[in-house]
Amino acid sequence: MKHHPVLRRTALLTAALCLAVGGAQTAAAAPGPAAAAADTPITVDLTVQGPDGAVFDGPISTTGHEVTTASGGTHPCDGTNNGMNPGPGATPTAALDDAADQEGFTWDGPWYASFDDYFVSTVDGHTGGSGAYWNISVNGTSTPAGGCQFRIEPGDDVAFTWTAL
């Protein structure tokens, strides 16, 4: 039986977001003493790896902040999304947004109110569609929560990687 690509992608998104919400409860603990103040920029190493090579690879200074996408509108992206953390801070999606502003590439993603988060669907013109998606990882591990929910710390290795299904 052949699965419809849109249904398969929707099922994958739903499963990933459900895992993020369920698994993130353990990741929602207050940040440790090394955490920076919410409005203090932190520097992380960001890699954005598309199907044709690196879109961005280097340090980026970021904070949690409001993010705007063409398909998702403007929403906070500061780690407090979906009640994940008690206070705001830097997140993977905020870092992607800052890198895009700094380097002049684009990204987009719809906003899912039920998850209080974006789903990164397009970076630098590369849209996942039914055959690929943009995986978010921190320090080599896929995030257990969405990119606006998961808090990052100074020096973290953050990656958005084009991943074939």
Magnitude of the Cβ-charge dipole (Lys and Arg +1, Asp and Glu -1) of the stretch 73-129 about the Cα centre, nearest 20 debye, reported as 180
For the stretch 75-114, compute Rg over Rh where Rg is the Cα radius of gyration and Rh is the Kirkwood radius from the inverse mean 1/r over Cα pairs. 1.01
So for each of 146-158, 61-73, 90-102 I average, over its residues, the number of other beta carbons within 10 Å; can you give me the resulting order with the highest mean first? 90-102, 146-158, 61-73
Principal semi-axes in Å for the stretch 74-165 [√(5λ), Cα gyration tensor, largest first]: 20, 15, 14
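Working out 0.36 nm times the residue gap between residue 139 and residue 47, then minus their Cα-Cα distance, what length gain in nm do you get to one decimal?
32.0 nm
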Of all chymotrypsin sites (Phe, Trp or Tyr not before Pro) in the stretch 97-144, which ones are in loop regions per DSSP and have a Cβ with at most 10 other Cβ atoms within 10 Å? none
Please arrange 165, 46 by accessible surface area, largest first, computed with a 1.4 Å probe and ligands excluded. 165, 46
Using the basic label-point model (7 angstrom from Cα toward the beta carbon), what is the residue 163 to residue 68 distance in nanometres? 3.1
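The values are calculated or read from the model by the stated rules, or taken from the named source; none is laboratory data. This is a predicted model, so every value here is computed, not measured. In this analysis, Cβ positions are derived from the backbone assuming ideal geometry, glycine residues included, and neighbour counts consider all displayed protein chains. Only protein heavy atoms, including side chains, enter the accessible area calculation; ligands, DNA and RNA are left aside. Shrake-Rupley method; radii C 1.70, N 1.55, O 1.52, S 1.80 Å.
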